[in-house]
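Structure first, then comments.
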Amino acid sequence: MTTTSSRKGALSRVWPEGTSSAAAFTFDFDAEEVWIGEDPANADRPGVLSQGTYGAKVGVPQILRVLERHGVHATFFIPGRVAERHPARVEEIVAAGHELAHHGYTHTSPTKLSRAEEEAELVRGLEVLRGFGAPVTGYRSPSWDLSAHTLDLLLDHGLRYSSNLMDDIRPYPIEGRPLVEVPISWILDDAAYFWFDGASWTKSIATTADVRAIWEAEFEGIRTLGGAAVFTMHPQIIGRPGRLAFLDSFLSFVTSHDDVWVATAAEIAGRV
């Protein structure tokens, strides 16, 4: 029988000496594209798109300042069309030493595309992101979902890790392929708590105190088991003023743990 302590020991050997678990702060910089990818007709709705524009206009610069204060390097998953629309913001992300990773060209689920369409999205997004002079080795689907072709396409185009699945708390090699999965979870995603649906008004907005309690408990549980806590946030959501204060405080909390290695998604994938 495998005990909790023996499993933690096996997991912790993955991490750098002196640490026994890991954490990554990742940001899906979707901007306007999250609405346009869902319905191209939204491109003519400036009121709707302004929610995403806030992420590029206000959220990203403020998030970069918070990360700099804590000396934390994060991973920004960016759709290619967002990078085309907001190149100065992507340049600031790269200049600050953060990782760029693939999040589609448009914000369209690969499950809605043919193989040829999915490959075209992947290639175009890579061309745009690699044009900023930074390596791009990771992929997160706009829908946290994969088609039957996705993993083979990632390999064909030189990507090294995926961050889409919810079946573990540590990175692992994907069976049969030289790819690494860096698992995520809805429980550590800001959209699950803060995303408001203006079309249906069916989603409530949680307080930062509620989210802090949930995230701290999950982080401590993952830490106890020696895994990797991968936080997923969106500049248009976490970049609101009150939530920036929460992010600042939460970064202080996570980085205060000397046994936790805070790293980018690519660095975590590289430990496998």
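Tabulated results
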read-out	value
Modelled label reach - Ile205, point 7 Å along Cα→Cβ, the stretch 178-198 residues with backbone N closer than 13 Å	193-198
Cβ-defined net charge surrounding His98, 12 Å radius [Lys, Arg +1; Asp, Glu -1]	-4
Spin-label model distance (nm) - Thr224 vs Ala192, 7 Å beyond Cα toward Cβ	1.8 nm
Positive-end extreme of charge dipole, the stretch 17-269 - chosen from Val82, Thr137, Ser162 (charges on Cβ)	Val82
Long-range amide H partners of Ala101 with built H, under 5 Å	Phe76, Phe77, Ile78
Max mean-square fluctuation residue, GNM over the chain, Cα-Cα springs under 10 Å, options Ala209, Ala245, Ala22	Ala209
Cβ-based net charge around Glu84, under 14 Å, with every Lys or Arg adding one and every Asp or Glu removing one	-1
Among [x] 0.95; [y] 0.97; [z] 1.13, the entry derived from the coordinates for Rg/Rh (Cα atoms, Kirkwood Rh)	[x]
Point-charge dipole on Cβ atoms (K/R +1, D/E -1) for the chain, about Cα centre, debye to 20	420 debye
Theoretical gain in end-to-end length, Glu117 to Ser249 [0.36 nm per residue, Cα-Cα removed]	43.3 nm
Relative exposure of His103, His257, judged by other C-beta atoms within 10 Å (fewest first)	His257, His103
Computed FRET value (nearest 0.05) for Ile214 with Tyr172, which takes r as the C-beta separation and R₀ as 25 Å	0.55
Mean ellipticity per residue at 222 nm, deg cm²/dmol - from DSSP H runs of n ≥ 4 across the chain, formula -39500 (n - 2.57)	-12500 deg cm²/dmol
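Bear in mind that the values in this text are calculations on the coordinates, not laboratory data. Keep in mind that what you see is a predicted model, and the values were worked out from it rather than measured. With ideal geometry, Cβ positions are generated from the backbone for all residues, glycine too; neighbour counts draw on all protein chains shown.
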